[in-house]
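As structure tokens, the structure follows; a few thoughts come after it.
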Amino acid sequence: MHYDLIVIGCGVIGAAVARLASLRGLGVLVLEAAHDVSCGASKANSAILHAGFDPEPGTLMAEMNVRGVELYREICTDLDVPRLENGALVLGFDQADRAHLELLLERGRRNGVADLRIVGQEELRALEPGVSPEATAALYAPTSAIVDPWELTLAMTENAIANGARLELGARVTAIRLSGEPGGTFTVETEDGRSFTGRSIVNAAGVEAGRVHRLLGGSDWGSRPTRGEYYLLDKSAGSAARHTLFQCPTAAGKGVLVSPTVHGNLIVGPNAELLDDSHAVETTAAGLAEVAAAARRSLPALPLHENIRNFAGIRAACDVDDFIIAASPLDPAFINLAGIKSPGLSAAPAIAERALELLRAAGIRSADRPDAVRTRKRVRFRDLDLEERNRLIAADPAWGRIICRCETITEAEIVAAIHGPVPATSLDAVKRHAGAGMGRCQGGFCGPRVQALLARELGRRYNDICQHEPGSHIVLGPLGAETTEGGPS
Ligand SMILES: Cc1cc2nc3c(=O)[nH]c(=O)nc-3n(C[C@H](O)[C@H](O)[C@H](O)COP(=O)(O)OP(=O)(O)OC[C@H]3O[C@@H](n4cnc5c(N)ncnc54)[C@H](O)[C@@H]3O)c2cc1C
């Protein structure tokens, strides 16, 4: 099959592009190197849909941020993605900060952000009682929101697939050729020897975008991968902050925040550490100590002893201090979406719109399909009332078997994730798609049972089921080696 568009990378940007292109009738192929979607920066970030007061007016970051969060109101409703407008407070501790808050207020107004204002100490403490008494003022942005970035990326990908897009996982692009003059055919080869052809390409490869552009013979933008480390606190700590609490941003980024998550946890981070390695997602004692000290400045009673998980993400920073959303100088139908650091999550649907405009300028025309599927629904057992739960269990007893007790996730939900449009084939993928393992025990209890379900549903040996990518085996001994079910009962 010859595709209208080949999207390289399925983080939130690739997913947003694939969704919009498929809604507009293009034949889309998505090639993702990992064995699941949302495995790069889209997996490990602060999960904030930024109001838009931080980026410099006139930049693509400002324009795409503000447009993107507006588009998400409808997208998250249509695709059943949890989104909560909890508001943000940028805390000011001294006179210099006060001047910075005024600057952010002015920037936000110029960017078109609604309802921004500076609040004094009394109102600040009424809004957020646990905030440090040292904080004397704050910029209040009521439209700032939080979202589940995994579910968002998955939902947009599923919606693209429902509209005819094809997704290939484990498909790392290693060669790109253009036959003939600009306007010719792109041939894309993957590491495992497959090859695909298309009329156009969107390069949404995150920190690898420069490398992918070089495959065509193009240049990159001086990659400056910057790691950010986090704590994720248990739901018992989730009420320690109602708003997303920022401090004044610096040149290194938006600084350490404390924020509730849509699941009711508290997220704390990130720091900013420039690295040579764009894949170094390990956490470090020094980085976490830096995060803890900075966060306690905002919230002195921060209950870090409730920590259930640490993780790190890599920002796709580069020598250009803005998003790069442009056709390659080598061919107008090769669109680079590079340097998509924060607020990339917030901006994704707007970046997708801009990418399609660039494709149109290159002769790849698209128009809204009246018959397109615009909605997606996910059944979450724990959110149902008793009557609905009983109805499901009567139809299929797997709805009555709770596998993840922390999060109340049923066998039926896990099986649905394993056989979903984007199949979840590892423990981490089941965690992202169905929520099993997200809770306080982080899979300590349900992990072996999820592993057994994966083995049963995929017809594989218990020992062959991996934590994330192929090779990340969990069981290496003889346990359950000869059975497809295996595992503890
Ligand atoms: C610490 C941190 C905090 C952040 N916080 C926020 C926030 O709160 N709000 C916000 O708006 N933004 C935030 N961001 C930014 C946001 O997360 C990113 O802008 C966004 O996730 C980028 O998405 P992406 O799809 O471009 O990249 P990615 O999610 O990295 O996806 C790129 C994909 O391309 C694939 N790929 C790479 N090379 C190839 C290849 N050769 N062939 C096939 N596939 C390939 C990768 O496997 C990957 O899945 C944060 C980022 C970080 C790191």
### Task
Would you mind pulling out the separation of the Cα centroids of region 113-137 and region 372-406, in Å?
40 Å
### Task
Of the options 130, 154, 302, report the single residue whose Cα projects farthest towards the positive end of the charge dipole of the chain (beta-carbon charges: Lys, Arg +1; Asp, Glu -1).
154
### Task
Mind giving me the nanometre distance, one decimal, between the label points for residue 368 and residue 126, set 7 Å out from Cα along Cα→Cβ?
4.2 nm
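May I ask you to order 201-212, 359-370, 51-62 by the average number of other C-beta atoms within 10 Å around their residues, highest value first?
Working: 201-212: 26.2, 359-370: 14.2, 51-62: 21.2.
Taking the mean over residues of other Cβ atoms within 10 Å, the ranking is 201-212, 51-62, 359-370.
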### Query
What's the center-to-center distance, using Cα atoms, between region 420-478 and region 296-358 in Å?
28 Å
#### Entry: Distance between region 248-272 and region 140-181 - C-alpha centres, whole angstrom
24 Å
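Quick check: residue separation of residue 187 and residue 322 times 0.36 nm, minus the Cα distance between them. What number comes out in nm? All intermediate terms of the calculation are to be shown ahead of the outcome.
Working: separation 135, 0.36 × 135 = 48.60 nm, distance 2.96 nm.
Separation in residues times 0.36 nm, less the Cα-Cα distance, equals 45.6 nm.
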## Note on the structure
Given Cβ charges of +1 for Lys and Arg and -1 for Asp and Glu, the option among 64, 49, 35 whose Cα lies farthest towards the positive end of the dipole of region 35-77 is 35
### Task
Could you check the simple spin-label distance between residue 416 and residue 94, using points 7 Å along Cα→Cβ, in nm with one decimal?
5.3 nm
## Note on the structure
By the rule of no other cysteine beta carbon under 4.7 Å, the lone cysteines of the chain are 10, 39, 76, 248, 318, 406, 441, 466
#### Entry: DSSP bridge orientation in the chain - percent antiparallel, rounded to nearest 5
75 percent
#### Entry: Label-point gap, in nm, between residue 285 and residue 360 - each point 7 angstrom along Cα→Cβ
5.7 nm
### Query
Using mean Cβ contacts within 10 Å as the protection proxy, how do 31-41, 6-16, 334-344, 387-397 order, highest first?
6-16, 334-344, 31-41, 387-397
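Can you give the Kirkwood hydrodynamic radius of region 381-464 from its Cα pairs, in Å with one decimal?
Numbers: mean 1/r = 0.0781 Å⁻¹.
The Cα-based Kirkwood calculation yields 12.8 Å.
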### Task
Could you go through region 88-104 in sequence order and give the Karplus-derived ³J(HN,Hα) for each residue, using 6.51 cos²θ - 1.76 cosθ + 1.60 with θ = phi - 60°, rounded to whole Hz, and x for Gly and Pro?
10, 10, 9, 7, x, 10, 8, 5, 5, 5, 4, 5, 5, 4, 4, 4, 5
#### Entry: Residues of region 387-429 with amide N under 17 Å of the 7 Å Cα→Cβ point at residue 440
403-409
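The chain: D in µm²/s via Stokes-Einstein (Kirkwood Rh, Cα pairs, 25 °C, 0.890 mPa s)?
105 µm²/s
Expressed in whole Å with the largest first, what are the equivalent ellipsoid semi-axes of region 217-304 derived from the C-alpha gyration tensor as the square root of 5 times each eigenvalue?
Working: eigenvalues 150, 35, 33 Å².
The equivalent ellipsoid of region 217-304 has semi-axes of 27, 13, 13 Å.
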### Summary
Applied in sequence order to region 220-233, the curve 6.51 cos²θ - 1.76 cosθ + 1.60 (Karplus, θ = phi - 60°) yields integer Hz couplings, x standing for Gly and Pro, of 10, 10, x, 4, 10, x, 10, 7, x, 10, 9, 10, 10, 9
### Ratio Rg/Rh, restricted to region 124-269 and using Cα atoms, in which Rh is the Kirkwood radius
1.12
### Built amide H within the under 5 Å cut-off of residue 201, gap 5+
6, 334, 335
### Message
What's the magnitude of the charge dipole for region 51-158 around its Cα centre, counting Lys and Arg as +1 and Asp and Glu as -1 at the beta-carbon? Answer in Debye, nearest 20.
### Response
320 debye
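Bear in mind these aren't lab numbers, they're just calculated from the coordinates by the rules spelled out. All figures in this text were calculated on a predicted structure; none of them were measured in a lab. All Cβ positions, even for glycine, are placed from backbone atoms using ideal geometry, and neighbour counts span all protein chains on display.
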